[in-house]
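Step one of this worksheet: look at the structure below.
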Amino acid sequence: MLRVREGDETSFALLLEKHRNSVIHFLYRMVQNQAIAEELAQEVFLRVYRSRETYEPTAKFTTWLFRITTHLALNHVRDRRKDKLHDSIDEKIEDGAPRQLPTREANVEERLLRDARLGEVRQAIEELPEKQRGAVLMHKYQDMEYSQIAAILGCSESAVKSLLFRAYESLRSSLRQFSPGGSGLKAS
Amino acid sequence: MNCILNTNEQEELLLGYCTAILDPETTRTYKRHLASCEHCRTMVELQKMVDESLGDWLPPTLSENFDQKLFARIRAEQEAPKPWWHFNFGWKPAIPLALAAILLAVFLVREPGKSELAQQQDGIKADEIAEVEKALDDMEALQALSTADTAPAAKESI
């Protein structure tokens, strides 16, 4: 990014190549719509490019990048939450790409079960408050530590832990029905 | 079935254990706890199911023209004419410039008051000068009178 700041256009292309997928994948899981995710990702990298001359390496580049990304994602989710009434689960799934599962599953029944669990988890993610959603996605898919998530969300580490604990508890509740023990157990 | 750990401890250990970030000693301690706590065993099982389901959630492939579109937008921005107030400096100098303009306006509005004071001071000086001149004139007149009085006495003495 420092080379981009100095006007090296090739470095911006390399930076894009390195971080493009992680940004888009995060945005996709936040908004659950590929077209919107790509549009938001374009805006992220436009802002990175516009800010290149004033960029200061005071934190990790990914922290800065994901701060921009999360800011745009949270704004979009909040705006969409105000606008939409009720979307069906089917519509949400249709907005995204066709569901993909790892090819290791040969058993149809197991594949159907995983498919159902995936649908439940996606629905549960969709219903999470936006900050909890962002925290879970960064924790799970970006392997970020609590401190980095805190820097991105602009809150304390203990607040991040609280966000994650509540988010994962919601996700576990959504999958209780699939556990061998049944759905009767509650968290103490 | 109540766990001896409080909720926060449960969650922190659970997440740490499932993401394998606990140190070896804490991992051993937690495993011993799991052996005797059905609640936490259930939580671990559910958390692993959540992790597995999240891992199954694969994103779609990226559009082929993503990079092309981005660079086209960047070029379009660079080629677009900048507004007259931009001057390649952006918006950042606007605030200090605005403050400077306000200070200048305040300075200009207060300028007549200052000249009045200066004028007052000038008036005082003019009065003083006039008094001094008058005093000098009076002294010359007295000197002339004293000279006229002493001149005939000097002639009589010779």
- Item | Residues of segment A:45-60 classified as more than 10 Å from every other protein chain (Cβ to nearest Cβ) and under 18 Å from the mean Cα position of the chain (by Cα), total | 0
- So, first residue within 7 Å of another protein chain (Cβ to nearest Cβ) and free of Cβ contacts under 8 Å to residues at least 24 places away in the same chain in segment B:49-64, second residue assigned to a loop (DSSP other than H, G, I, E, B) and exposed (fewer than 13 other Cβ atoms within 10 Å of the Cβ), Cβ within less than 9 Å, six or more apart or across chains; the pairs are B:56/A:102; B:58/A:102; B:60/A:98
- Residues of segment B:86-99 that turn out to be surrounded by 10 or more Cβ atoms within 10 Å (Cβ to Cβ) and at pLDDT below 70, as a count: 5
- Mind listing whichever residues of segment A:68-79 are farther than 17 Å from residue A:18 by Cβ and of a type outside the set (Asp, Glu)? A:70, A:71, A:72, A:73, A:74, A:75, A:76, A:77, A:78
- Please indicate, with yes or no, whether at least one residue in segment B:13-35 is facing chain A (nearest Cβ under 10 Å) and of a type in the set (Asp, Glu). no
- Scanning segment A:144-186 for residues that are within 7 Å of chain B (Cβ to nearest Cβ) and not in a helix (DSSP H, G or I), which turns out modelled with the highest pLDDT? A:179
- Message: Against the condition modelled with pLDDT of 90 or more and more than 9 Å from chain A (Cβ to nearest Cβ), how does residue B:80 come out, does it pass?
- Response: no
- Take residue B:102 and decide whether it is within 14 Å of chain A (Cβ to nearest Cβ) and at pLDDT below 90. no
- In segment B:11-51, which residue that is assigned to a helix (DSSP H, G or I) and polar (S, T, N, Q) is farthest from residue A:159 (Cα to Cα)? B:36
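The values are calculated or read from the model by the stated rules, or taken from the named source; none is laboratory data. What you see is a predicted model; the values in this text were computed from it and never measured. Virtual Cβ from ideal backbone geometry, glycine too; neighbours counted across all protein chains shown.
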